[in-house]
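This report concerns only the one structure given below.
Derivation of every value follows stated rules applied to the coordinates shown; laboratory data play no part. In this text the structure is predicted, and so the values were computed from the model without any measurement. Cβ coordinates were reconstructed from backbone atoms using ideal geometry, including for glycine residues, and neighbour counts include every protein chain displayed.
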Amino acid sequence: MVEQRNASQHWRIRARRHPSAFLLAAQLLSLLIYPLFDDLTAGRVVFGAFGVLVLALAVWVVNRSPAINWIAWALAAPAFVLSLLSVAIESEPLLVASSALEALLYFYAAGSLIAYMMSDHRVTTDELFAAGATFTLLAWGFAYAFLVCQAWYPGSFTGAVEPERPRAWLELLFLSFTNLSAVGLGDVIPLGSTARVLVMLEQFAGVGYVAVVVSRLIGLTMLRVPPRSRG
C-alpha cells in the first residue's frame, strides 16, 4: 500500500514538472494506434477518444504556460462536445466543426508553448519536451486545417492511391508531418488554391520554428555546458 502511494506521488511530481512530456507521449502513442484501427468500424471511436485525451492534455499544458486559460477552454469545451457527437451520430458537418476548433486549439497551444520556451534564458527538461510537443501540435493543427479545407473545397487534395477520393485523416496527417519537417514526400498533393496556401503557411511555420525556437534552445543548452565537457 505504501509502495503504491509512493509510486502515485512520484508520477504526480513528474506530471507537474514535465507536463509537455505527457502531451508529446500521447501524440506519439496515437500515431502508433491509428494504423491498427484505420480500417475498422470502431476506428473512428478510437480516434475520437484519443482526440479528447489530447485536447485535455493540450489545455493542461496551456495552463502551465503564460497563455490565457479561458481562451483554451473556450476552444476545448465545444470541440470536445462536437467531437463526441460526431462520433456518436456519425455526422460529417459536426466532424468538420470540431476539426476547425481543434485546429485553433492546437495552434493556440503551440503558440503558448513557444511563448513558454522563449520566456527566459534557461533551458529546462520540460522545455526540451515542449519543443517536441510543439512540433506535434503544429502538425496536428495543420492536419485538421487540411481536413476542414477538404470538406469546404472538395478536390483540394489528391494522392498516388485512388486520386479521385477525399484523403483520409491519416493521409492528411502524413502530409502535415512531411511538409512541416521539410521531407517533402509527394504522395499527397494539394491541388486547390486554398490547400496550397495552407501548405505554404505550414512550410513557413516549419522553417521559422526550427530557425528561431529550436536553434535558440540548442544555443542556450550549449552555453550551459562547461567548455571542457564540449571538447
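With a simple spin-label model that places each label point 7 Å from the Cα along the Cα-to-Cβ direction, the separation between Leu185 and Ile68 comes to 4.0 nm. The label-point distance for Met200 and Glu162, in a model that sets each label 7 Å from Cα toward Cβ, rounds to 3.1 nm.
When the alpha-carbon atoms of the stretch 112-198 are used, the pair Rg, Dmax equals 15.6, 50 angstrom. Modelled spin labels at Leu220 and Ile33, positioned 7 Å past Cα toward Cβ, are 3.2 nm from each other. Here the 3J(HN,Hα) profile of the stretch 146-158, calculated from phi with Karplus coefficients 6.51, -1.76 and 1.60 at θ = phi - 60°, is 4, 4, 5, 4, 5, 6, 6, 10, x, x, 5, 10, 10 Hz, Gly and Pro shown as x.
Compute the FRET efficiency between Val81 and His121 as 1/(1 + (r/R0)^6), taking r as their Cβ-Cβ distance and R0 = 41 Å, and round to the nearest 0.05.
Working: r = 41 Å, r/R0 = 1.00.
Step by step, r from the Cβ atoms, then E = 0.50.
Subtracting the Cα-Cα distance of Glu90 and Val210 from 0.36 nm times their residue separation leaves 39.4 nm of extension gain.
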